[in-house]
1. If Lys and Arg each add +1 and Asp and Glu each add -1, what is the summed charge of the other residues whose beta carbon sits under 12 Å from the beta carbon of Leu103?
2. Pick out, in residue order, every one of the chymotrypsin sites (Phe, Trp or Tyr not before Pro) in segment 306-338 that is DSSP loop and has at most 15 other C-beta atoms within 10 Å; say none if there are none.
3. Return, ordered by residue number, the residues of segment 66-86 whose backbone nitrogen is under 18 Å from a label point located 7 Å along Cα→Cβ of Thr97.
4. Would you work out which of Ser232, Ala202, Thr275 lies farthest towards the positive end of the dipole of segment 199-280, given +1 charges on the beta-carbon of Lys and Arg and -1 on that of Asp and Glu, about the Cα centre?
5. At a threshold of 8 angstrom on Cα-Cα distance, excluding pairs fewer than six apart, so keeping six or more, what relative contact order does segment 199-280 reach in percent?
6. Once you've got the GNM for the chain with C-alpha springs shorter than 10 Å, pick whichever of Asn230, Asn162, Asn72 has the biggest mean-square fluctuation.
7. Can you tell me the length gained on complete extension of the stretch Glu161 to Ser216, counting 0.36 nm per residue apart and subtracting the Cα distance?
8. Which percent, nearest 5, of DSSP beta bridges in the chain are antiparallel?
Amino acid sequence: MNELCENYIEEYGKVPLKGEYDVIVAGAGVAGVAAALSAKRMGKTVLLIEKSLTLGGLATLGLINLFVPMCNGRGKQIIYGMAEELLRESIKYGYDTIPADWLDGEPQGETKSRYLTRFSANIFALVLTEMITDSGVDLLLDTVISKPVMENGHCKGLIVENKTGREYFEGKIIIDTTGDSDILYRAGVPTYQGGNYFSYYALGTNLESMEKACKSGKINNAFYYVCGGNASLYGTNHPKGMPLFPGTTAENVTEYIVKNQKVLLEKLKKQDRQTREIVTLPGMAQFRTTRRLIGDYELKGEERFVHFEDSISALCDFENRDWLYELPYRCLVKTGFDNLITAGRSISASGWAWEVTRVIPPAIVSGQAAGIAAAMAIDTGKPIYGIDVKELQATLEKQNVMIHFDDSLIPDDPDLKVLMPGDGHF
Ligand SMILES: Cc1cc2nc3c(=O)[nH]c(=O)nc-3n(C[C@H](O)[C@H](O)[C@H](O)COP(=O)(O)OP(=O)(O)OC[C@H]3O[C@@H](n4cnc5c(N)ncnc54)[C@H](O)[C@@H]3O)c2cc1C
């Protein structure tokens with residue numbers, strides 16, 4: 001029940017049990033897609049539920065079409081596994097912007113160019129649909145998960161709303177990849193609520209950029225971001241006096257979108273309408289943070305260059321050259337909730353560590369780990385927070401994930417901040 005409401009009605013009625021699965025993945029952003037593929041590859045029956053009509057979440061529907069760097073800024077790749085796989089899939093049939101020395105994988109010698117790429121958001125979404133359906137994961141689009149059914153910290157299943165009506169799906173393990181911790185929050189798992197600066201990025205084109213694309217032979221040059229609000233991740237350009245947007249109520253999401261769309265329209269009114277076009281508006285609110293788990297461990301910004309025994313992947317910083325982190329498994333789970341796990345931008349991290357973990361490559365790797373952990377919990381009958389992490393790490397390593405960074409990669413001055421070129425829009 002919405003605790004802000006004083007008045008409410010009691011609701012009765014039977015909800016049909018529509019299906020039973022080993023693993024239900026709630027939300028099909030990049031983390032959810034990775035989690036679903038990962039659990040399926042471990043031999044489990046998997047249902048992936050998505051409220052929109054497009055797979056990929058912020059990375060596709062939200063037009064955030066950039067895999068941030070997966071290397072340390074000196075030619076050493078740090079993030080591998082499914083992040084590498086999906087990066088390559090994202091550009092298989094669409095354009096890329098991978099620096100030449102990374103095109104065929106890690107370069108031979110040191111380079112300051114970074115392993116990143118832009119991709120076609122729409123083509124990547126199509127590829128994700130193909131990957132998911134070919135893998136044997138059951139997919140339900142246009143389906144909002146409204147309620148976890150809980151019993152003593154155990155989630156028996158999820159109630160959803162869609163064209164068919166209200167339905168119930170049972171799952172042995174539930175992976176919350178809604179990005180917003182919708183399932184965790186409604187299940188009573190402790191969560192932290194964030195706040196968002198004012199930003200809204202649509203994709204535009206104009207005669208000039210089209211000419212540039214024709215001359216360069218590169219279609220991506222035809223598009224650029226057109227903004228409503230234009231605040232960076234650091235809050236630069238956030239309107240003075242405007243409160244941050246938590247994005248956790250329908251009213252707040254609506255206010256955010258309406259205000260941003262009006263700002264964008266005012267900008268457009270001043271331009272020559274014959275010479276430019278908006279190609280795509282974002283299909284979801286571009287919130288970096290809404291709610292995230294307060295997990296068994298919270299990774300903190302100052303914990304760079306720290307090894308964790310339960311690391312599930314080494315991570316690099318997208319802005320600072322050399323800065324490395326490890327992501328503890330405990331950031332995905334909460335003791336007391338035996339079959340709930342999260343991945344993606346809702347994991348338990350704070351400060352700069354949260355910035356480093358929420359972006360596309362780490363979101364994918366945490367999804368990969370969550371899918372394997374789900375399968376292990378089912379096979380062993382252990383709670384998801386009590387699985388054998390060594391075994392999880394061994395499986396991830398077999399899947400080409402770097403669990404611990406090598407100490408030889410720690411710079412002489414670990415506090416030195418060397419910013420890499422970026423546009424602050426990550
Ligand atoms: C403005 C901005 C700029 C960014 N820039 C970059 C960048 O340049 N590079 C980068 O790597 N990262 C960037 N990021 C971060 C990155 O895009 C996201 O953090 C990452 O894509 C998150 O993936 P996710 O799968 O965890 O969540 P999401 O992409 O949010 O996916 C969640 C999915 O769950 C679905 N869902 C939610 N609730 C429900 C429900 N109740 N029922 C059913 N489905 C539901 C949603 O529709 C969505 O598909 C940026 C983010 C923002 C907002």
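Bear in mind that the values in this text are calculations on the coordinates, not laboratory data. Since we're looking at a predicted model, the values are computed, not measured. Glycine gets a Cβ as well: all are built from the backbone with ideal geometry, and neighbour counts include every protein chain shown.
1. The answer is -3.
2. Qualifying residues, ordered by number: none.
3. 66-71, 73
4. Of Ser232, Ala202, Thr275, it is Thr275.
5. RCO, segment 199-280: 41 percent.
6. Asn162
7. Contour length minus the Cα-Cα distance gives 15.1 nm.
8. So the antiparallel bridges in the chain amount to around 65 percent.
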